Each structure stands twice: as C-alpha cells, then as structure tokens.
Amino acid sequence: MHRHTFLALATILGLSTSLPAATFTVVNTNASGAGSLQQAIFDANTNAGSDVISFNIASGGLTIAPTNALPTIVGPVTIDGSTQPGFAGAPIIELNGAGAGASVDGLELATSNSVIRALVINRFLGDGIEITNGANNAVEGCYLGLNLAGATDQGNTLNGILITNAANNTIGGLTAASRNYIAGNNQSGVLLSGASATNNLIQGNVIGLNVSGADIGNTGDGVRVLAPANLIGGSASGARNVISGNNGQGIEVFTGGQNTIIRGNHIGTDSTGTLDRGNSTDGIYVAAGGAIIGGSNAGEGNLISGNGGDGIELNGITAINNLGTGQHYRREHLGKHRFAKRQRRPHHHEFPQQHCGRCDGRRGESHRLQYRRRHRGGGGGREYEQ
C-alpha cells in the first residue's frame with residue numbers, strides 16, 4: 001500500500017500513524033542509486049521512527065566519494081560505520097568529499113536523537129559534520145579531517161564539527177570507542193555557535209593530534225565557543241579531551257560563550273601529559289563571563305602546558321565573574337593569567353592554588369603560585385603572574 005494512502009486510512013480508522021523503525025543497509029560505494037549511502041539517507045528521511053543505516057559493502061574499497069551533497073538528515077537515525085564487516089575498533093568507512101562540490105558538508109543533521117558513529121569524514125569543502133537546530137544527537141568514534149588510517153592531514157575546508165543552535169548534543173563520550181579524532185581541518189576542530197546551542201558535551205576526544213599522538217593541528221582553534229553554557233571535558237573517567245597541536249587557541253571562549261565549563265582536559269600535551277604538543281597561541285582564551293575553568297574536586301583540573309602564548313588568558317570588558325581552580329602548569333610563562341585590556345568596572349576572577357612543574361617541565365614537582373597584579377607599561381592592562 002502506498003505510504004500516503006496508508007496514512008490517510010489510518011487517520012480515518014483512528015489508528016497510529018507511526019511507521020516502524022527500519023534498517024537501511026549500504027551495500028556499495030556508489031554516489032547514488034540503490035544500495036548507496038545517498039539512497040539510505042533518502043529512505044530513512046521518508047520513514048517514520050528512529051531508523052538505522054548499516055553497512056555491508058562486500059567488495060572493493062570502503063571509500064564513498066559523493067559527487068554532490070548528501071541529503072540533509074531530517075529524521076532520527078543512527079548511521080553506524082561499526083556495522084561494516086571487518087570493523088575492529090577503528091573506523092573503516094570513509095566519506096571523501098573532494099568531489100562533492102563547493103561548501104558541501106560531509107553530513108548535515110537538522111534533526112534530533114541521531115547518532116553518527118565510526119566514520120572517516122574528510123576533504124569536504126564545508127564542515128565535516130554540521131548539526132543545526134536539533135537536540136540530543138551524538139558523534140562518536142569518528143575521524144574528522146584525517147585519512148582512513150587516522151594518520152595524515154586530509155582536512156575539511158571549514159570545521160571538523162559545527163553545532164549551530166542545537167542543544168544537548170554529545171561529541172565523543174566516556175569510552176575509548178566513543179573517542180573522535182578531529183584534526184587537520186582548515187578552521188576549528190569543533191565550533192559551537194548560536195544562543196540556543198546550550199548544554200552540549202565535548203568529552204573524551206583528541207582534537208589536533210592523530211591516532212599516534214603526532215601534531216596534525218586544526219588551522220584555527222581546537223574548540224571555539226560562541227554559545228553559552230556548554231561543558232568541555234569533565235571529571236568522570238574518560239571525559240578528558242586532549243586539545244593540542246592546533247594553530248590557534250586550544251580552547252577559545254568568545255563573546256556569546258558565557259558560563260562555559262572547562263574541566264579535566266590536557267591542553268598542549270599528548271594523551272599521557274608528558275610530551276609537548278602545544279597549541280600555537282594560548283591554551284585557553286576567554287573573552288566571555290561566567291566561565292569555570294577546572295575545579296576543586298578530583299579530576300576537574302586541567303593540565304595546561306607547552307602552548308605558544310599564555311596558559312589562560314582572560315581578555316576584555318566582558319570577561320567577568322570567571323573562576324579557575326586546580327589547574328596544573330608546566331613551563332614558566334604558562335603559569336600566567338593575563339588580563340589584556342583595561343578594566344573599567346569591578347571584575348571577579350579567582351585562580352587559587354594553581355600549580356606548575358617548577359618551570360622545567362619535570363613531572364611530579366609542583367609548588368603553590370603566589371599571584372600579584374602587575375600594571376603593564378602604557379597599555380593599562382593587568383597580569384596575574386607568579
């Protein structure tokens with residue numbers, strides 16, 4: 001029976017109009033047509049319920065090279081690359097966007113309650129993944145901006161992941177299987193934008209390094225925050241992000257990013273916290289109010305080391321009521337919090353009991369920092385320094 005006829009008859013009879021969820025299987029790497037990823041997304045979009053797109057590509061390579069934009073995802077779906085036979089923990093299905101056209105994103109979600117899992121998404125001329133106006137989506141176990149092996153730079157032209165006016169999404173997760181590697185993209189690794197992009201979690205990812213821990217930095221920031229009340233990291237086991245090797249800031253919290261929480265991350269080191277993989281400018285740059293950096297409970301402090309600028313910089317008249325506790329620093333210029341513009345009204349910043357590794361990079365040595373305010377000549381700015 002035709003779907004529209006079924007819906008009309010069901011309405012007349014007072015029956016539920018919900019169709020059961022379905023699984024659509026990708027069986028080839030064709031850009032379009034039966035068995036392709038494009039067709040699977042078309043089918044999921046037109047089927048009610050929360051669907052699954054699985055993979056069972058029997059022969060040839062596992063690279064899908066779209067020749068135009070894939071359909072925008074408008075209904076809840078799980079696109080699960082881990083279903084491809086031969087999957088052994090690392091993604092083996094690749095979406096190569098080099099021929100997809102100008103400004104095309106790899107996958108665009110305009111829906112809620114969807115999951116993108118275990119895909120390699122690279123070389124698109126837009127964003128790797130864009131999530132817009134939805135909620136409760138997840139991206140896990142993907143490589144964004146790296147090659148199929150997770151080793152070399154094959155960045156997307158814009159951001160690895162862009163979230164715009166979408167809330168309660170999770171990038172990564174608390175398990176190794178959920179970890180995304182987001183590196184080599186020509187703008188930021190992750191960009192949060194829009195007043196409605198709140199309560200998003202960025203946890204357990206490696207942003208700016210490849211799977212071997214080598215520097216394959218995003219050209220912009222590791223994480224750029226232009227939206228309020230989001231969490232980067234956390235104190236739970238597995239929540240730590242490694243945000244290192246990026247050509248901009250490790251984390252930039254700009255205007256609109258008030259009440260951002262940054263906890264438990266390694267910023268400027270490798271995953272072990274022992275090797276220098278510094279971001280080119282600051283570890284954390286904040287130009288918005290109400291940020292919480294670190295915390296007094298176990299696992300909440302960030303390790304900030306090796307970056308080319310300041311460990312934490314608070315900049316501008318809007319950077320008010322920020323709180324930072326429990327950070328660990330290595331190398332002497334990284335134990336400094338810089339307030340870069342003249343303060344014109346009272347600002348509340350707390351940075352008690354920070355620690356640094358005696359400025360020589362050795363592990364296990366720490367001492368309490370005593371801060372004093374210093375007026376910088378001519379500029380009227382302030383620095384808190386050891």
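The values are calculated or read from the model by the stated rules, or taken from the named source; none is laboratory data. Given the structure is predicted, the values throughout are model-derived calculations rather than measurements. Ideal geometry is used to build each Cβ from the backbone, glycine not excepted, and the neighbour counts take in all protein chains shown. Each accessible area value is taken on the protein alone, full model and side chains, heavy atoms only, with ligands, DNA and RNA left out. Shrake-Rupley method; radii C 1.70, N 1.55, O 1.52, S 1.80 Å.
Is the range 251-271 home to any residue that is closer than 18 Å to Arg179 by Cα, hydroxyl-bearing (Ser, Thr, Tyr), open to solvent by 10 Å² or more (accessible area, probe 1.4 Å) and in contact with a strand residue (DSSP E or B) (Cβ under 6 Å, 6 or more places away or on another chain)? Yes - at least one qualifying residue is present in the range 251-271. Elements of the type strands (runs of 3 or more DSSP E) sitting completely within the range 113-224 and holding at least 3 residues that are among the basic types (Lys, Arg) and in contact with a strand residue (DSSP E or B) (Cβ under 8 Å, 6 or more places away or on another chain): there are none.
Does Phe124 qualify as being buried (at least 20 other Cβ atoms within 10 Å of the Cβ), among the aromatic types (Phe, Trp, Tyr) and under 24 Å from Asn186 (Cβ atoms)?
Working: buried (at least 20 other Cβ atoms within 10 Å of the Cβ): yes; among the aromatic types (Phe, Trp, Tyr): yes; under 24 Å from Asn186 (Cβ atoms): yes.
Against the criterion (buried (at least 20 other Cβ atoms within 10 Å of the Cβ), among the aromatic types (Phe, Trp, Tyr) and under 24 Å from Asn186 (Cβ atoms)), Phe124 qualifies.
Any residue that is modelled with pLDDT under 95 and open to solvent by 10 Å² or more (accessible area, probe 1.4 Å) - is there at least one of those in the range 214-226? Spell out how you get there, then give the answer.
The initial filter retains those residues of the range 214-226 that are modelled with pLDDT under 95, namely none.
No: the range 214-226 contains no residue that is modelled with pLDDT under 95 and open to solvent by 10 Å² or more (accessible area, probe 1.4 Å).
Before we move on, is Asn136 touching a residue at least 60 places away in the same chain (Cβ under 8 Å) and not small (Gly, Ala, Ser)? Can you show your working first?
Working: touching a residue at least 60 places away in the same chain (Cβ under 8 Å): no; not small (Gly, Ala, Ser): yes.
No: the conditions fail for Asn136.
The number of residues in the range 58-112 being in a loop (DSSP other than H, G, I, E, B), among the hydroxyl-bearing types (Ser, Thr, Tyr) and under 17 Å from Gln39 (Cβ atoms) comes to 2.
In the range 31-45, the residues that are closer than 14 Å to Ile57 by Cα form Cβ pairs under 6 Å with partners that are open to solvent by less than 10 Å² (accessible area, probe 1.4 Å) and outside any helix (DSSP H, G or I), at six or more places apart or across chains, as follows: Ala31/Pro66; Leu37/Val26; Leu37/Ile64; Ala40/Val26; Ala40/Ile53. For the range 106-137, filtering for residues that are touching a Gly at 6+ places or on another chain (Cβ under 7 Å) and under 18 Å from Phe55 (Cβ atoms) leaves 7.
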